[in-house]
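The values are calculated or read from the model by the stated rules, or taken from the named source; none is laboratory data. Treat the numbers as computed from the prediction; the structure is a model and nothing was measured. A quick note on method: Cβ atoms are made from the backbone with ideal geometry, for glycine too, and the neighbour counts reach across all protein chains shown.
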C-alpha cells in the first residue's frame, strides 16, 4: 500500500472530502523544524491553538513557558522582552503601545486613591499632564520636586507618597540629577522609584546598578525602568512602543496584571522593527552622541548668539558633575550622553526671530520625538514648561536639537545658514 504522506514533508494531504476553502484553512502542512536566520520569525496572532483541553487548562496567561492569547505574548514579543531586559540589566519586561502608555501603566499599577506621586520639575510634559489631569480624577495626587536638589524630595514629601519618578536627563532642559541621592532618599522614605530611561537607553548607565559592586540584596538602583522604544531602540522614527523593566518579580506581576486588565497590546510588525534595529543600537547611539557633542561645543563657542547650551556632557551644563558620576567609567572615561542638546538664544532675539531660524533649517526638520536617522529641531516655551523660571537657566528662547545620522559637517553648515537667516530676519526689522 502506498503511504499517502508527502515524502518531502511527512505531512498527510488534506482530507479529500473537504471543500477547497476548508482544505486551505485546515491544511496539515507544517514546515520542517530547524530553520535559523539573523532575524527571529514574526508571529502574528490573536487566537492561539491548544493541542488539547488539558493543555489549555494547564496554561496561564502570565506563564511564558506557553501561549494562551496573542495579547499576552507570542514568540516574537517574548524575544523582544528578553532582549530588552538584558539591555537594561533587568529580569522582567512588559511591552506597551508607547512610552507614555508605559508611564501610565506604572502609575496605574502602583498607585491607588489617596496615594501621591512625586515628579521632577523638568518632567516629560505628557507624563506630568497624566498626573495632573487623569490620575487626579482617581484621587491620586502629585507633587513636584527640584531634581538638582535631592533635599527638595524631603521638602515635597508627604505621608501618602508611594512612587517617585526620576528622569536623566530632564526633558527639554537636559538637567542631569544626582540619581544615587534621589534613589537613596526615596527608598529610605519607603517609596518606589521609577526612571524614565529613554535618554540613557540602557547604554549611558545601568539603572539597576547605580552603585556598582554592592553585594546581592544591597544593590542601589531604581525599582523600575521605563523606556520609550519609539526613540533609540526603534531608530527609524516609524514605531510607537514602550517598555517597563524591573528585577522585582512581585512588581513585575503587578505590572503584568494591570497590563492584562487594560488590554494593552503591541503589533507584531512593530516588535519586528525594534528587534531588527536592536543590533545596531549601540553603534547608532554612539554616533549620534559624538555628533551632538561636536555641535553642542560649536554652539557653545557662539556666545554672541547663544546664552546657554544645555548638554549633560558639557562642562557647566546643569548637573554635569552628576552625569560624570553616573555615566563615566574607567572603561569609558568620556561617558555616553545620547544625541540631544538644547540651546537658549540670547534674550535680545525675539521668539519670531528664533522661529525664523528653525524654519530656515534644512537638515534639521521640525518634528517631535528623537532617536531616528533624521535630525530634528523644536522650539519650546520655557515659561509654559517651568514656573517660576529656573535660576540655573538663562533668559531667552529655547530650542532643542535631536541629532540624527547625517554627516556632522552638513549639520553644522545647516546651523550656520540658519543663524544667517536669523540675522537677516533681525536686520529686516521683523519680529
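Quick rundown of the values:
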| quantity | calculated |
| --- | --- |
| The range 165-196, residues that are assigned to a loop (DSSP other than H, G, I, E, B) and in contact (Cβ under 8 Å) with a residue 40 or more places away in the chain | 168, 169, 170, 171, 172, 173, 174, 175, 176, 177, 178, 191 |
| Unmet requirement for residue 220, which otherwise passes all of (1) surrounded by 16 or more Cβ atoms within 10 Å (Cβ to Cβ); (2) under 23 Å from the mean Cα position of the chain (by Cα) | (1) |
| Residue ranges of helices (runs of 4 or more DSSP H) in the range 267-346 with at least 1 members more than 24 Å from the chain's Cα centre (by Cα) and farther than 14 Å from residue 199 by Cβ | 281-300 |
| Qualifying residue in the range 197-220 (condition: at pLDDT 95 or above, over 17 Å from residue 91 (Cα atoms), touching a strand residue (DSSP E or B) at 6+ places or on another chain (Cβ under 8 Å) and assigned to a loop (DSSP other than H, G, I, E, B)) | yes |
| Residue within the range 279-293 that is buried (at least 23 other Cβ atoms within 10 Å of the Cβ), in the same structural domain as residue 411 (by TED's automatic domain parsing), touching a helix residue (DSSP H, G or I) at 6+ places or on another chain (Cβ under 7 Å) and closer than 24 Å to residue 211 by Cα present | no |
| Residue match in the range 299-315 (condition: surrounded by fewer than 18 Cβ atoms within 10 Å (Cβ to Cβ), touching a helix residue (DSSP H, G or I) at 6+ places or on another chain (Cβ under 9 Å) and within 30 Å of residue 94 (Cβ to Cβ)) | no |
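Residues are listed down the side, and each one gets a yes or a no for (1) under 18 Å from residue 264 (Cβ atoms); (2) buried (at least 24 other Cβ atoms within 10 Å of the Cβ); (3) not assigned by TED's automatic domain parsing to the domain that holds residue 204:
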| site | (1), (2), (3) |
| --- | --- |
| 81 | yes, no, no |
| 92 | yes, no, no |
| 120 | no, yes, no |
| 156 | no, no, no |
